[in-house]
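So the structure is just underneath, and the comments pick up after that.
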Ligand SMILES: Cc1ncc(COP(=O)(O)O)c(C=O)c1O
């Protein structure tokens with residue numbers, strides 16, 4: 001009977017004439033209205049909106065929201081796509097009137113406080129990364145990748161090195177890396193990982209030449225390992241005349257401990273949703289600030305905030321690639337990152353990373369008795385286990401484990417990524433989880449490996465919809481609740 005309201009579409013609840021509020025009818029004539037509104041939004045017939053009472057709308061959407069798992073309701077160990085705890089305090093501050101009600105078209109002089117915050121955020125990200133040129137414009141990590149590659153292309157063009165058309169990506173990289181490179185007009189080549197899950201230096205060397213523009217490196221990488229060869233990698237790429245791009249999605253493992261600018265990176269992006277507790281944008285309404293070396297700063301997209309006497313103003317860098325986002329980027333998300341960084345301070349951010357690494361290693365020490373972990377005895381903020389042996393011995397796949405974990409009250413880890421690990425189960429606990437939660441998760445994982453039959457094949461049993469995209473689902477009805485349940 002739970003969530004009865006959420007089993008219906010809101011259109012199915014519609015009854016003619018039912019309303020949340022009755023507004024007085026407009027005194028204006030049809031002509032007067034058509035003067036106010038553009039013709040293409042005026043229709044002869046009103047749009048077919050559902051007609052429902054306020055209580056029903058509220059219940060409908062509140063019930064819908066309870067069908068999903070979130071960081072506020074469940075442990076969410078989604079490796080690589082980290083869902084970090086979003087402190088409620090940050091949410092409250094971001095919605096203060098002086099921040100939440102600011103209009104993007106307001107003149108610089110009327111939004112000095114917000115500009116100051118953005119200026120200071122640029123400064124702090126430059127300090128954390130060791131790369132002083134900062135643009136807050138990109139709207140997601142992947143958008144940051146694209147933007148930084150456009151910056152690199154502009155730089156090479158100006159140097160008369162437009163033959164540099166190849167971007168190298170690690171074979172363990174997130175799919176956004178080669179996709180961004182293609183979108184920026186480069187062709188891509190994958191660099192292999194070695195048996196330890198790190199960059200295969202010989203393979204890298206064989207692919208470097210005067211066509212190389214950028215090597216996109218994720219460090220810590222998507223196997224949760226810090227590639228300690230990074231200095232040598234940077235030397236090799238720089239000697240070949242290329243630039244190092246650091247996919248900074250995993251910066252939450254090294255905050256205050258290592259800076260990309262110090263270990264050879266020339267450009268990078270941050271994922272505030274993974275590192276600084278911003279809400280995840282799902283490809284757009286998030287943020288993906290980029291940081292670059294000083295010699296690349298003139299190509300950054302504008303506007304950036306600069307000091308102007310005692311105040312602040314926006315300006316475009318001198319050789320800017322232009323805008324990549326309307327207005328100033330997603331300021332609401334950036335404000336949350338600003339508050340997060342200011343709240344923790346230098347020492348606090350280092351502690352965040354230390355706790356993230358400690359939590360992941362604690363869980364790894366428990367999980368390695370249950371699943372194989374092919375790379376590394378230790379990990380950074382996440383680790384990648386494999387269900388390959390269980391699949392062979394017991395027909396238990398990574399997908400089965402992910403589905404069954406939902407019944408135990410845990411959001412599934414990332415599965416089948418990175419591609420270099422067969423039957424990958426990628427776990428990232430984040431720094432805020434307690435020992436009790438990590439123990440309970442390991443215990444659930446262990447119990448699942450002891451299970452078999454329908455319990456596994458038809459899991460999850462506790463959710464409204466089960467395995468919509470699986471072969472098993474093709475044999476069974478997708479919807480598990482029946483009329484009137
Ligand atoms: C390693 C890595 N790179 C890039 C991205 C892309 O970031 P976004 O989802 O913000 O576009 C992700 C996803 O979170 C990621 O895990």
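Here the ratio of the Cα radius of gyration of region 91-344 to 2.2 N^0.38 Å is 0.99.
Rg and Dmax of the chain, based on Cα coordinates, read 25.3, 78 Å.
For the pair residue 41 and residue 8, the difference between a 0.36 nm per residue extended length and the Cα-Cα distance amounts to 9.0 nm.
In this simple spin-label approximation, residue 454 and residue 165 carry label points 7 Å from Cα along the Cα→Cβ vector, and these lie 6.0 nm apart. Taking label positions 7 Å along the Cα-Cβ direction at both residue 116 and residue 346, the computed distance is 2.2 nm, reported to one decimal.
Quick check on region 68-216: take the gyration tensor over C-alpha atoms, sort the square-rooted eigenvalues as a ≥ b ≥ c, and tell me if it's rounded (a/c under 1.5), prolate or oblate.
Working: a/c = 2.79, a/b = 1.48, b/c = 1.89.
Since a/c reaches 1.5 but b/c is at least a/b, the shape of region 68-216 is classed as oblate.
In the chain, helical runs assigned H by DSSP with n ≥ 4 each contribute -39500 (n - 2.57); averaged across all residues and rounded to the nearest 500, the mean residue ellipticity at 222 nm is -11000 deg cm²/dmol. The DSSP beta bridges internal to region 91-344 are antiparallel in roughly 40% of cases.
Taking every DSSP beta bridge that has both ends in region 129-245, the antiparallel portion is near 10%. With the highest mean first, a sort of the peptides 86-92, 306-312, 241-247 on other beta-carbon atoms found within 10 angstrom per residue produces 241-247, 86-92, 306-312.
Starting from the Cα-Cα distance between residue 182 and residue 57, subtract it from 0.36 nm times their residue separation and give me the gain in nm to one decimal. It would help to have the intermediate numbers written out before the result.
Numbers: separation 125, 0.36 × 125 = 45.00 nm, distance 4.36 nm.
Going from the current span to full extension adds 40.6 nm.
Looking at the chain, the DSSP beta bridges with both ends there are about 50 percent antiparallel.
Could you compute the FRET efficiency for residue 422 and residue 22, with r as their C-beta to C-beta distance and R0 at 60 Å, rounded to 0.05?
On the way: r = 61 Å, r/R0 = 1.02.
With R0 = 60 Å, the Cβ-Cβ based efficiency is 0.50.
For region 347-475, a Kirkwood hydrodynamic radius built from all Cα pairs, placed in the Stokes-Einstein relation at 10 °C and 1.306 mPa s, yields a translational diffusion coefficient of 104 µm²/s. Sorted on the mean count of surrounding Cβ atoms within 10 Å across their residues, most packed first, peptides 326-332, 268-274 read 268-274, 326-332. Residues in region 369-386, backbone N under 16 Å from the label point at residue 392 (7 Å along the Cα-to-beta-carbon vector): list them, ranges by number please. Of the residues in region 369-386, 371-375, 386 have backbone N under 16 Å from the label point off residue 392. With each label modelled as a point 7 angstrom along the Cα→C-beta vector, the residue 318-residue 64 pair spans 5.2 nm.
The distance from the alpha carbon centre of region 47-108 to that of region 198-276 is 34 Å, rounded to a whole number.
Coordinate-derived values only; no laboratory data. As the structure is a prediction and not an experimental result, all values here were calculated from the model. Backbone-built Cβ (ideal geometry, glycine too); neighbour counts: all protein chains shown.
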